[in-house]
Amino acid sequence: MKTIKTFQQMYCDGHLNRREFLGAMGALGLTATAAGALMTSASVMAATPKKGGRLRMGITDAAVSDALDPALSITIMQAVLTHGVLMNNLVEIDHEGNTVPELAESWESSPDASQWIFKLRKGVEFHNGKTLDAEDVVYTFNHHRGEDSKSGAKGLMQAIVDVRSDGKDTVIFDLSGGSADFPFITSEFHMSIFPAGTKSIDQHNQGIGTGPYQLESYDAGVRALTSRNPNYWKSGRAHFDEVEVLSISDINARSNALRTNEVDVINRAERKTVHLLRKNTDVEVVQTNGTQHYTMPMRTIEAPFDNNDLRLALKHGVDRQAMLDLLLHGTGVLGNDHPISLANRYHADLPQRQYDPDKAKYHLNKAGHSKISLELYASEAAFVGAADAGVLYREHAAKAGIDITVKQTPSDGYWNDVWMKVPWCTGFWFGRPTEDMMFSTAYAAGAAWNDSHWTHERFNKLLVEARAELNSEKRAEMYSEMQLIVRDEGGVVVPVFADFLMASTTKLAHGPVASNIEMDGLRVPERWWFS
């Protein structure tokens with residue numbers, strides 16, 4: 001049975017409205033007056049963070065090859081450390097999905113959105129005492145733009161023709177065309193700002209940033225310990241004395257660590273047992289829906305995946321509803337073979353692709369096969385239950401003459417050694433707050449993280465045009481056509497969109513939780529506190 005404190009926390013988190021909270025208190029036998037007082041105290045509790053304590057985070061998805069160069073951020077542990085612990089961006093995404101000032105105190109664009117001018121906040125210091133200036137921002141962005149850059153955000157940088165300083169506190173971005181969403185790009189988790197001149201991995205692994213915590217020790221892919229930055233420039237943030245980030249890849253070990261008080265918060269709680277966590281009065285389960293989706297990308301540059309009919313056979317040969325029910329246990333929605341979620345502004349209302357073995361068989365025959373055997377590489381690094389998803393897929397596709405062998409792969413090294421290297425594998429995406437960011441990162445021709453190696457002339461033309469279009473109705477039409485192209489001709493199976501699911505001790509408190517990326521936009525260490 002839920003306790004009064006649990007209901008108070010749910011009200012603070014926005015999971016209950018006023019009427020629902022009062023109803024819950026009435027069901028517990030409290031008078032309206034007493035319930036109102038508890039609601040008021042809950043609001044006060046949420047609004048008055050306390051300082052102190054060590055936050056211990058149990059994180060899935062880490063590798064010994066991890067580094068603290070934001071450009072190379074590919075695992076969740078890297079992203080949490082560089083984006084939410086050690087560094088800041090020019091722009092932050094709030095819990096409502098809006099852009100708000102961070103290291104940039106303001107920005108403005110030319111009338112056609114082809115030039116953007118950012119004014120930096122004055123007096124911000126890096127952990128090593130250096131004062132932030134425009135050259136640090138210019139250097140950071142050029143780090144991603146370089147010809148030899150391996151940055152996951154390189155695709156987002158292609159529109160930048162030049163980035164330059166105008167004095168110490170002003171940065172000017174000249175773009176090849178209009179980009180109505182450019183401030184969102186500067187908020188992306190790869191784009192955390194570090195000091196000019198930082199080059200080597202050893203230098204990056206010092207973790208020098210302007211963020212809420214500074215690095216004390218770092219064992220790549222295993223553990224990081226940080227302490228509160230005494231000169232942190234944000235008021236009302238960074239409440240913990242220390243933040244310890246631990247790699248715990250096994251879902252059972254991660255859940256047990258939370259239950260036995262070895263950690264305070266975990267990401268990616270197990271969906272099939274989350275109902276048991278919800279019954280634990282010492283645990284809060286935080287569920288947010290957003291842009292996260294599970295994928296199965298195919299290398300479209302090699303046979304048999306270079307044939308679109310083969311790809312369509314695989315898209316019609318998966319039972320999405322079964323995956324939603326058996327893998328996500330309802331904590332998500334059906335995917336439609338494109339990456340734009342219901343939470344995105346320009347999500348297109350396309351007909352939902354259904355499981356249809358006959359259509360799958362038709363397209364398989366059209367591709368020149370009566371039967372075919374394929375290997376699907378699956379790993380928990382991609383998403384919890386990836387191997388189970390592969391087994392389900394095997395059962396579904398077999399009815400169309402498609403024999404899938406699931407190759408279960410260890411988590412460590414998956415993103416460097418398997419993803420984008422093998423013909424077909426499991427993957428996942430946080431998603432992105434705008435259509436342009438998602439498409440530019442993972443579907444544009446030549447993008448570093450185009451994991452299907454897909455290219456489409458009409459799609460790439462629309463991508464540039466939609467980015468520059470300032471008329472919202474015209475943009476909606478363009479993005480709708482792009483979603484249709486990806487759905488029907490792209491190289492990625494997108495079976496489901498999965499809610500973000502994390503769990504924490506009820507000793508932690510927080511405000512409204514963001515859903516742009518998991519773990520409160522990767523900002524749990526900065527935004528949360530011990531109650």
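For region 88-203, what number of Lys pairs, 8 or more residues apart or on separate chains, have alpha-carbon atoms under 21 Å from each other?
Lysine pairs meeting the criterion: 8.
I want to check the label-to-label distance for residue 282 and residue 262. Put each point 7 Å from Cα in the C-beta direction and report it in nm to one decimal.
It is 1.4 nm.
If I take every Cα pair under 8 Å that is 6 or more residues apart in region 19-158, average their sequence separation and divide by the length, what percent do I get for the relative contact order? Let's see the in-between values first.
On the way: 115 pairs, mean separation 17.9, N = 140.
Here the relative contact order equals 13 percent.
Check which residues have an amide H placed less than 5 Å from residue 56's amide H, if you skip close sequence neighbours.
Distant-sequence amide H within range of residue 56: 244, 264, 265.
In region 158-226, which trypsin sites (Lys or Arg not before Pro) are in a loop and have at most 11 other Cβ atoms within 10 Å, using DSSP for the loop call?
For trypsin sites (Lys or Arg not before Pro) across region 158-226 that sit outside H, G, I, E and B with at most 11 neighbouring Cβ atoms in 10 Å, the list reads 199.
As a footprinting exposure proxy, order 186, 281, 99 by other Cβ within 10 Å, with the fewest listed first.
Ordered by Cβ neighbours within 10 Å, fewest first: 281, 99, 186.
For 364, 342, 312, which order do you get if you count the other beta carbons within 10 Å of each Cβ and list the fewest first?
So the ranking, lowest neighbour count to highest, is 342, 312, 364.
Per-residue HN-Hα couplings for region 396-401, Karplus 6.51 cos²θ - 1.76 cosθ + 1.60 at θ = phi - 60°, whole Hz, x for Gly and Pro?
5, 6, 4, 5, 9, x
Order of 403, 337 from fewest to most other C-beta atoms within 10 Å?
The fewest-first ordering by Cβ neighbours comes to 403, 337.
Considering only the other residues whose Cβ falls under 15 Å of the Cβ of residue 449, what net charge follows from Lys and Arg at +1 and Asp and Glu at -1?
Around residue 449, the surrounding residues sum to +2.
What number of lysine-lysine pairs in region 293-498 show an alpha-carbon separation below 23 angstrom, given a sequence spacing of 8 or more or placement on distinct chains?
Summing the qualifying lysine pairs gives 17.
Return a whole-number percent for the relative contact order of the chain, with Cα pairs under 8 Å and 6 or more residues apart as the contact set.
This gives 22 percent for the chain.
If a/c stays under 1.5 just call it rounded; otherwise compare a/b with b/c (prolate if a/b is bigger, oblate if not). Do that for region 88-203, with a ≥ b ≥ c from the square roots of the Cα gyration tensor eigenvalues.
It is rounded, given that a/c, with a ≥ b ≥ c, falls under 1.5.
Below 8 Å, C-alpha to C-alpha, sequence gap of six or more: please give me the relative contact order for region 182-228 in percent.
Computed over region 182-228, the figure is 23 percent.
Of the listed values [x] 14; [y] 29; [z] 38, identify the label whose number matches percent of Cα pairs over 45 Å apart calculated from this model.
[x]
What is the calculated FRET efficiency for residue 51 to residue 223, with r their C-beta to C-beta distance and R₀ = 22 Å, to the nearest 0.05?
It comes out at approximately 0.40.
Bear in mind that the values in this text are calculations on the coordinates, not laboratory data. No experiment lies behind these values; they were computed from the predicted model shown. All Cβ positions, even for glycine, are placed from backbone atoms using ideal geometry, and neighbour counts span all protein chains on display.
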